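Written out below as structure tokens is the structure these notes cover.
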Amino acid sequence: QVQLVESGGGLVQAGGSLRVSCAASGSIFSVGAMRWYRQAPGQHRDLVATITSGSTTNYADAVKGRFTISRDNAKNTVYLQMNSLKPEDTGVYYCNADILATGTLNWMNYWGKGTLVTVSS
């Protein structure tokens, strides 16, 4: 069984920084692209950043220049470093990944349960 577990959320003042992490665990053969989404209160879930297995990155326009996604393949972990945070960055941050489980032939998409980030003005 594969699971994604996020950590590192919390309360931060506007202009501050925070790093969230997501570790994949279980019977994993390979991890492909990993992503961070966020969902603000009353809003739909939006893609924030993507990192491929080859570490190519892509960002939503709203976070370019402020957020950095990275990964540690040895730990099956993805990080999101968030700088110059704004109140509109507030939301639940969800980890998402494409994973090939041991003993299977098909890549599956997995979600974490999310971690809350609150940016106060």
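The values are calculated or read from the model by the stated rules, or taken from the named source; none is laboratory data. Predicted, not measured: the structure shown is a model, and the values here were computed from it. For neighbour counting, all protein chains shown are included, and Cβ atoms are generated from backbone atoms with ideal geometry for every residue, glycine included. We work out accessible area using only protein heavy atoms, side chains counted, and drop any ligands, DNA or RNA first. Shrake-Rupley method; radii C 1.70, N 1.55, O 1.52, S 1.80 Å.
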Here the residues within the stretch 14-62 that are loosely packed, with under 14 Cβ neighbours inside 10 Å, hydroxyl-bearing (Ser, Thr, Tyr) and without any contact (Cβ under 8 Å) to a residue 12 or more places away in the chain are THR56
Scanning the stretch 13-39 residue by residue, those assigned to a strand (DSSP E or B) and at positive phi turn out to be GLY26
Note on the stretch 40-80: residues in a loop (DSSP other than H, G, I, E, B) and β-branched (Val, Ile, Thr) are THR52, THR56, VAL63
Of the residues in the stretch 63-104, those that are aliphatic (A, V, I, L, M) and either open to solvent by less than 10 Å² (accessible area, probe 1.4 Å) or at pLDDT below 95 (or both) come to VAL63, ILE69, VAL78, LEU80, MET82, LEU85, ALA97, ILE99
Output for Cβ contacts, cut-off 7 Å, separation at least six or different chains, first residue free of Cβ contacts under 8 Å to residues at least 24 places away in the same chain in the stretch 105-119, second buried (at least 18 other Cβ atoms within 10 Å of the Cβ) and part of a strand (DSSP E or B), reads ASN109/ASN96
